[in-house]
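Asker: Below is a structure I'd like to ask you about.
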Amino acid sequence: MKTKFIILCFLSVLFWAIPSHSFNFGNILKEVEKSTRPPEKTQPSKEKTKPTQSPVQSSEQNSGQDGGLIGLGDSLGLFDKKTSKFLKQSVNTLKSLQPIAYEEEKAIGGRLAVEVFNRYGGAYNDPELLNYINLVGQSVADVSSRSDINYHFAILNTEFPNAFATPGGYVFVSIGLIRMIENEAELAGVLAHEVAHIARKHALQTLQRSRSLQGVSSLTLTVMDKDPGLFDKLIDEVSNVLFTKGLDKNLEFEADKYGREFAYRTGYYPGALKRFIQKLGASKKNQGSIFSSTHPTSRERYNLLQKSSSRYKKASLYPTLGKRFKVAIKR
Amino acid sequence: MRLLIYSFIFLFFGFSFTSQVTAETWYVKKSATKLQAEAKARSKVLGKLNKGTPVDVLGKSGKFYKVSAAGETGWIFRFRLTKVAPSGSGGDGDVLGALGGQQQIAARESAYGSSIRGLSPVSEEHAIKKGASPASIESVKEMERYKVDDEALDKFLEEGRLGAYAD
């Protein structure tokens, strides 16, 4: 009994002490990167044969090198071929994941925002409703995981139910979608879903994973300005994802999860987004719309939200603010 | 043996106690963040803090954190604080210190206040080159100029019993 108690005490102290000696993942990455970098003296010969080598090509070439820890592990027989290849690929993927800075993010998002107005009916002119949308949107953005940037909200003049988010803080909701909404909590859920896309940098993540743009690690406004072809490529790539293909399913599910959380933090009924998704799925208006073609099915989204809804205890006590919503949209 | 057990207990509780009383430095996420006398949204406002202001977190009660900032102790709505110093990536103002008169200005910005950054020239030039309509470009600029008034937002939250006002 005494021995058990001593072990318990020891483990408790150990458990307390471990977090204070945290390791730096960034440094580990740097070390791994260093260890997998090919010897510098081999580079000039390559430059001679391929003077116009792009960063994408060079990163692909690096993946073929056998230097560093992985190479050593390989030669010592510590890793089989498959593992070694996987490790090299992982390191190169990590190397390409340089974050795009806010200024560049805003330039990409701003250009896409023009495209949203251009493609989806332009701005809907109702200053009072716009003010209301901004108040609800700002409320959820303020409690989001990325509340240190400015968010901008707009209404699109189209009857199709649509909602978009472009990088840098631009959020759009169509008048058609607003007309399908029944209360403020549902509106907050929809806007928070879009805020979550921005807060979690979903479009940028997609861009950075793109094979054709793996060399964007050095992307700056100056580079974009000097190389309009690169900016063209970037915009085409993200436009294709946002307006045609849609984001990865899992990113949509993540935006649902985070969106519900942001709405809940604001104080809204957390089940409202789930309810609205269900309604949207049943609506004929939604069939064939860009919204339905770029998002996973409503059933999948509903089921996933339903699975994790037990986290929100006493959810029914939270307000939906139906009356205030109806006054705002003059219903 | 008993001595050893007591030593462990002493060490464990000693460390736990230390970790509780050591104040952690957090940062204000947004300008015009209210420092209040009590852990209630309707309590007296002691002052308004700017984005990036460091505060020492002393305790927690419901949705509020007890903090110490610039010699004042008060309460802040928890979602207005972050463990990581804001990067200034397009936020709403510089850190001017704490509790000074200039902080009050942040709460009185007009509905169409100036945006920190407008539509980037790179974006605008590209949009024009690709034939986007001038109305679409103007709509984005309008969207960026639109600024929700902090007092109006606070009133909106209070009326809806949301944010810091939620029960």
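The values are calculated or read from the model by the stated rules, or taken from the named source; none is laboratory data. A quick note: this is a predicted structure, and the numbers were derived from the prediction, not measured. When we count neighbours, we look across all protein chains shown, and the Cβ atoms used for this are built from the backbone with ideal geometry, even at glycine. Each accessible area value is taken on the protein alone, full model and side chains, heavy atoms only, with ligands, DNA and RNA left out. Shrake-Rupley method; radii C 1.70, N 1.55, O 1.52, S 1.80 Å.
Asker: Return the residues of the range A:228-268 that are more than 28 Å from A:Asn162 (Cβ to Cβ) and modelled with pLDDT of 75 or more; say none if nothing qualifies.
Answerer: Of the range A:228-268, the ones more than 28 Å from A:Asn162 (Cβ to Cβ) are A:228-230.
Listed by number, the residues that qualify are A:Gly229, A:Leu230.
Asker: Now for a separate question. Take the conditions modelled with pLDDT of 95 or more and within 23 Å of A:Ile277 (Cβ to Cβ) and apply them to A:Val114. Does it pass?
Answerer: Here the answer is no, as A:Val114 does not meet what is asked.
Asker: Now a separate question. Please find, within the range A:302-331, the residue that is most open to solvent (accessible area, probe 1.4 Å) out of those that are more than 22 Å from A:Tyr258 (Cα to Cα) and within 11 Å of chain B (Cβ to nearest Cβ).
Answerer: That would be A:Lys323.
Asker: Another question, then. Count, please, the residues in the range B:16-34 that happen to be at pLDDT 50 or above and of a type in the set (A, V, I, L, M, F, W, C).
Answerer: The total comes to 4.
Asker: Within the range A:244-267, can you find the residues that are of a type in the set (Phe, Trp, Tyr) and open to solvent by less than 10 Å² (accessible area, probe 1.4 Å)?
Answerer: Initial filter on the range A:244-267 (of a type in the set (Phe, Trp, Tyr)): A:253, A:258, A:262, A:264.
Passing the criteria: only A:Phe262.
Asker: Okay, moving on. Can you confirm whether A:Val140 is outside any helix (DSSP H, G or I), within 30 Å of B:Ala85 (Cβ to Cβ) and at pLDDT 95 or above?
Answerer: Taking the combined requirement at face value, the residue does not satisfy it.
Asker: I'd like the full set of residues that are without any contact (Cβ under 8 Å) to a residue 24 or more places away in the chain and surrounded by 19 or more Cβ atoms within 10 Å (Cβ to Cβ), limited to the range B:120-144.
Answerer: Of the residues in the range B:120-144, the ones without any contact (Cβ under 8 Å) to a residue 24 or more places away in the chain are B:120-143.
B:Ser120, B:Val122, B:Ser123, B:Glu124, B:His126, B:Ala127, B:Ala132, B:Ser136, B:Ile137, B:Ser139, B:Val140, B:Met143 - these are the residues of the range B:120-144 that are without any contact (Cβ under 8 Å) to a residue 24 or more places away in the chain and surrounded by 19 or more Cβ atoms within 10 Å (Cβ to Cβ).
Asker: In addition: Which one is farthest from the other protein chains (Cβ to nearest Cβ), of the residues in the range B:154-167 that are open to solvent by less than 40 Å² (accessible area, probe 1.4 Å) and of a type outside the set (Ser, Thr, Tyr)? I'd like the intermediate steps shown before the answer.
Answerer: Applying the first criterion (open to solvent by less than 40 Å² (accessible area, probe 1.4 Å)) to the range B:154-167 yields B:156-157, B:160, B:162-166.
Still in the list and also of a type outside the set (Ser, Thr, Tyr): B:156-157, B:160, B:162-164, B:166.
Details: B:Phe156: 5, B:Leu157: 6, B:Gly160: 6, B:Leu162: 4, B:Gly163: 6, B:Ala164: 9, B:Ala166: 3 Å.
The extreme case among them is B:Ala164.
Asker: Still on this structure, please answer the following. A:Ile178 versus (1) closer than 25 Å to B:Ala166 by Cβ; (2) in a helix (DSSP H, G or I); (3) within 22 Å of the chain's Cα centre (by Cα): which is the lone unmet condition?
Answerer: Going through the list (1) closer than 25 Å to B:Ala166 by Cβ; (2) in a helix (DSSP H, G or I); (3) within 22 Å of the chain's Cα centre (by Cα), A:Ile178 breaks only (3).
Asker: Here is a further query. A:Gly110 passes all but one of (1) touching a residue at least 40 places away in the same chain (Cβ under 8 Å); (2) more than 7 Å from chain B (Cβ to nearest Cβ); which number fails?
Answerer: Going through (1) touching a residue at least 40 places away in the same chain (Cβ under 8 Å); (2) more than 7 Å from chain B (Cβ to nearest Cβ) one by one, A:Gly110 breaks only (2).
Asker: Checking the structure you have, find out if any residue of the range B:142-153 is touching a strand residue (DSSP E or B) at 6+ places or on another chain (Cβ under 7 Å), of a type in the set (A, V, I, L, M, F, W, C) and facing chain A (nearest Cβ under 7 Å).
Answerer: Yes: the range B:142-153 contains one or more residues that are touching a strand residue (DSSP E or B) at 6+ places or on another chain (Cβ under 7 Å), of a type in the set (A, V, I, L, M, F, W, C) and facing chain A (nearest Cβ under 7 Å).
Asker: List the number of the failed condition for A:Ile175; all other conditions in (1) facing chain B (nearest Cβ under 10 Å); (2) touching a residue at least 12 places away in the same chain (Cβ under 8 Å); (3) more than 19 Å from A:Ala272 (Cβ to Cβ) hold.
Answerer: With respect to (1) facing chain B (nearest Cβ under 10 Å); (2) touching a residue at least 12 places away in the same chain (Cβ under 8 Å); (3) more than 19 Å from A:Ala272 (Cβ to Cβ), A:Ile175 is out only on (1).
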